[in-house]
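Structure record follows, encoded as structure tokens.
The values are calculated or read from the model by the stated rules, or taken from the named source; none is laboratory data. Predicted, not measured: the structure shown is a model, and the values here were computed from it. FYI the Cβ positions are ideal-geometry reconstructions off the backbone, even for glycines, and counts take in every protein chain you see.
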Amino acid sequence: MHITGVVLFLGNIIVTGVWKVLADRTGDPRTIAYAQRLVTLTDWIFTLGGVILILFGAYGMVLTAGLNPLGPLWLIAGQSLFIASGIIWAVILIPVQIKQARQARALPLAARSPKATGVFAGSGSSGARSPRSCPWPISTSWW
């Protein structure tokens, strides 16, 4: 349970961060708005879900091992860092996400509804990318 929570927690943080950066680099308001909506959604589902699994798994292991959660220094340090990451998420990241979500909602409806944007958009579709709009300097036929 603990490992699954850590994978969800860290994996979502890394993937959504990269996803948002790449969406922003396209400069396409539809792609940016779409990515922002999904980043917010997946953050609540996977990051919060990961936190819950981490907590249950961690305290379950501590109690199963017969340890005092406030005893060993390494447990206190781990809990402190976990609490600090929660404070950073609540104080910094959630307000930024709310602001970005409002900006995405402020776009005209047509600009918020991508039909075929992203990596798997077919050639010639409304979401096809030219090599110049590729977020990295590699031209690919599927982008």
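Below are the figures for this structure:
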| quantity | calculated |
| --- | --- |
| Filtered residues of the stretch 69-87 (kept if touching a Pro at 6+ places or on another chain (Cβ under 7 Å) and at pLDDT below 90) | none |
| Failed criterion for GLY66 (all others in (1) modelled with pLDDT under 90; (2) of a type in the set (Gly, Ala, Ser); (3) not in a helix (DSSP H, G or I) hold) | (1) |
| Tally, over the stretch 10-47, of residues that are farther than 15 Å from GLN97 by Cβ, of a type in the set (D, E, K, R) and crowded, with 16+ Cβ neighbours inside 10 Å | 2 |
| Residue match in the stretch 20-32 (condition: in contact with a Ser or Thr (Cβ under 8 Å, 6 or more places away or on another chain), closer than 25 Å to ALA90 by Cβ, among the hydroxyl-bearing types (Ser, Thr, Tyr) and in a helix (DSSP H, G or I)) | no |
| Selected residue [within 20 Å of the chain's Cα centre (by Cα) and on the phi < 0 side of the Ramachandran plot] from ILE76, ILE94 | ILE94 |
| Count - residues of the stretch 1-37 that are in contact (Cβ under 8 Å) with a residue 24 or more places away in the chain and of a type in the set (Gly, Ala, Ser) | 4 |
| Some residue of the stretch 86-99 being out of contact with any Asp or Glu (no Cβ under 6 Å at 6 or more places or on another chain), crowded, with 17+ Cβ neighbours inside 10 Å, in a helix (DSSP H, G or I) and not basic (Lys, Arg) | yes |
